[in-house]
Amino acid sequence: MIESLLAGVDVALRVDTFIWISGGLLLGMLMGALPGFTTSMGMSVLVPISFLVGDPLIGIPFLIGVYKGGIYGGSVPAILISMPGTGASIATVFDGHALTKKGKSRKALEMSLFASAISDFLSDIFTLVMIIPVAAIVLGFGPPEIAAVMFLSLVIIAVTATGPVIKGLIMLCLGVWVGFVGADPFSAMARYSFGTSELYDGFHLIPILIGLFALPEIFNAVKEGDMPGARVASFVGERLRLDELKNSLRTIFRSTLIGTGIGVIPGLGQPIAAMMGYIAAKNSSEHPETYGEGELDGVAGAEAANNAVNGPTMVPLLTLGIPGDAVTALLLGAFMMQGLRPGPTLLTSSGDIVFGILIAMVLANILFVAIGYLTIPFFARVVTIKKSLLIPVTIMLAFAGTYLARGNPFDIVTLIGFGLIGIAARQAKFDVAPMVMGFILGRELEYSFGQTLALAGDNWLRFALTERLGMTAVVLATPIIGVLLGRRMSHFRQRALAREAGQAA
Amino acid sequence: MSHLEADVKFTAVVLLLAVLALVFGGWLIAEPPIPLGPDVLAMSPKVFPTLILAGTALVASIFLITKHRNGTLFVAGSAGEGARVGGTMYRQILFVFITVTCALLLTTLGFLTTMFLLMASTAVLVGNRSVVQVLSISLVVPLSFYIIVTHVLRTALPEIDFIERALVPILRLLPSV
């Protein structure tokens, strides 16, 4: 694996890779800076573009650039107009916009940039260091362990989804079910294909991703109608001084640790990391009362934490094939389109490419700082662009991207079908991310579970008892479901009792 | 006037589909024509879908029962909401109709024509009232994209012969990549 790492260094240092990463960073910052444009929506329409460029060492780093740029870009409208560009920037609003009101928006934007870049760099190094031992452990996994880890991941994803756990479970089940459409992995018999050849191959991931993430956003824009371009109070002011950055380094390092830890666990994601980073910064401050009134440390704490999540999400993705959130599910789609199958054998089969991508990801942070610093004035103005100019371009990219992925017109129908499901789910306040995860992991779970049964033969109880790691994961997952469901039920029960008591009174 | 909550409607549809798929599972999932041994086929193609569908039905039922017990199945509508929702609803239905139509016509009408229709109508539905902006975005962006994809990336997009022939002189003017 060390040879692969060295080969990765060699292949990562290519000019074209850096050009595409820069393009990705710029596009990501643009998408993040536009209020109402989410990173997942932007990435979903750009995944097919990453495939069209052909080389995985260009296409995947391009998307990683979009990912990094998008998470940082979300802080721009959060600071300037108090409207987080992405969910990850919610905590940035508290102090970022207060700084804008004080005429210090430039300082806040620069703090956000440096905190993001430093934490991103450190967490990427962590990813690079961690991936080798994790991959070495995972290489020893057989079907029982993989089935158990998939099961545990699905449970974690469902319970950490936005909104009530039960809604996450419904969407997860729906996703797993959709994954069953097509040929059975063992007997190759058709399931839910209604005799059509298009459905026999199952649904393709790309139209599902674009349909579930991009179309509901466009639909929402249609629902809201055009909004006048936002007015920015100020995007000039003092620049960030070196001593101010030095003062915030402790906060940045703390938030990096928080974000890195959260990134490794599937399903948690940037918004939770940002809130935790912000709260940790506030709690450890000597003057917590100034938080919310324009504290630079508040911006640093939130932004460092949310960007530190980016790299470590690649650890479960590349070693186990488990996407931690919607954006890594899109990255998984991009890997699969390039013929790379994330999972235990990826590092042994395509180690040089994977390490090349990871090293490019680390080096992208240097470009991140340079591009971010030079373009702050530009992105500060981007927040004022009207949606009605960008939504039509997005829908074109959604259609074209879906078609270009395989050149199959049926995928356009799939796009619309899943777009309608996404729209309905959004109206009903269901998070679509568990559905995507269910679709991706459900088939893997079924396959590895089937293999486990075949291995176990008649004596499955003895087999289950000897497969300790697999059993541990299942044993861990079961109480998580039980406790969370129990808590949810008691919450509903308490609310019902309170209502009855209120009516009686 | 009260109506069902959106999440109740969504869950009810999921529940209905899950129950139907469970009931008609025999027709929707084909069994192997010859019996395969347990070392080849450890479980029938029906096992996992049945488990998941049963789980879906169970979870959806729990959700609906809980909503019913809490008295939150319905939501009250306010006076004047109808008129406000009417305009929005009209735009939404029109958007869905246009999107579905364009999806079905993409290969027949070709990429540029379909995208012109889709982008122009979306721009208008989103609220852009500037004819110049709508026309320029809907014409220039798809055309540029088409040229990049077909000429630079050398990948095919569906297009009708007439437009393809009309574009040849423009593509010849561009440097070869």
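For the reader, a short list of remarks on this structure follows.
- With the simple spin-label model, which puts each label point 7 Å out from Cα in the Cβ direction, the A:S349 to B:H151 separation comes to 3.9 nm.
- Inter-chain Cβ neighbour average for residues A:175-188, partner chain, 10 Å: 5
- Placing unit charges on the Cβ atoms only, positive for Lys and Arg and negative for Asp and Glu, gives the protein assembly as shown a dipole magnitude near 1620 debye about its Cα centre.
- Estimated inter-spin distance, A:D55 and B:V47, nm [label 7 Å along Cα→Cβ]: 4.6 nm
- Between the stretch A:30-90 and the stretch B:85-150, the alpha-carbon center distance in angstrom: 23 Å
- Per-residue shielding of B:56-68, expressed as the average number of other chain Cβ atoms within 10 Å of the residue Cβ, stands at 4.
- Using a cutoff of 8 angstrom between alpha carbon atoms and counting only pairs six or more residues apart, the relative contact order for chain A works out to 28 percent.
- Relative contact order of the stretch A:249-293, defined on C-alpha pairs under 8 angstrom at six or more residues apart (%): 36 percent
- Order by protection proxy (mean Cβ within 10 Å, highest first), peptides A:116-127, B:53-64, A:347-358, B:137-148: A:116-127, A:347-358, B:53-64, B:137-148
- Estimated FRET transfer efficiency when R0 is 25 angstrom, pair B:T107-B:S136 (beta carbons, to 0.05): 0.45
- The residue list B:N128, B:T56, B:N70 was ranked by how far each Cα lies along the charge dipole of chain B toward its positive end, using unit charges on Cβ atoms, and B:N128 comes out on top.
- Environment charge at A:I359 (Cβ cut-off 12 Å; Lys +1, Arg +1, Asp -1, Glu -1): -2
- Karplus-derived 3J(HN,Hα) values for the stretch B:131-146, using 6.51 cos²θ - 1.76 cosθ + 1.60 with θ = phi - 60°, are 4, 4, 4, 4, 5, 5, 5, 6, 9, 6, 5, x, 5, 4, 4, 4 Hz; glycine and proline are entered as x.
- Residues of the stretch A:46-74 with amide N under 19 Å of a point placed 7 Å along Cα→Cβ from A:A7: A:55-61
- Ordering of A:365-372, A:70-77, A:3-10 by packing [mean C-beta count within 10 Å, highest first]: A:70-77, A:365-372, A:3-10
- Beyond 20 Å in Cα-Cα separation lie the following of the pairs A:K223/A:K386; A:K107/A:K246; A:K68/A:K282: A:K68/A:K282.
- Global form of the stretch A:207-328, assessed from the alpha-carbon gyration tensor, a/c cut-off 1.5: oblate
- In the stretch A:104-203, Cα pairs under 8 Å separated by at least six residues give a relative contact order of 13 percent.
- Between A:F194 and A:L455, the contour length at 0.36 nm per residue exceeds the alpha carbon distance by 90.8 nm.
- Each of A:R250, A:R191 has some number of other Cβ atoms within 10 Å of its Cβ, and from fewest to most they run A:R250, A:R191.
- Assuming charge only on the beta carbon of Lys and Arg (+1) and of Asp and Glu (-1), the dipole of the stretch B:85-173 about its Cα centre is about 160 debye to the nearest 20.
- Take the Cα of A:E238, step 7 Å toward its Cβ, do the same at B:N70, and the gap between the two points is 4.8 nm.
- Average partner coverage of A:416-425, which counts Cβ from other chains inside 10 Å: 3
No lab work stands behind these numbers, since they all come straight from the coordinates. Predicted model, so just to flag it, every value in this text is computed and none were measured. We place every Cβ from the backbone using ideal geometry, glycine too, and count neighbours over all the protein chains shown.
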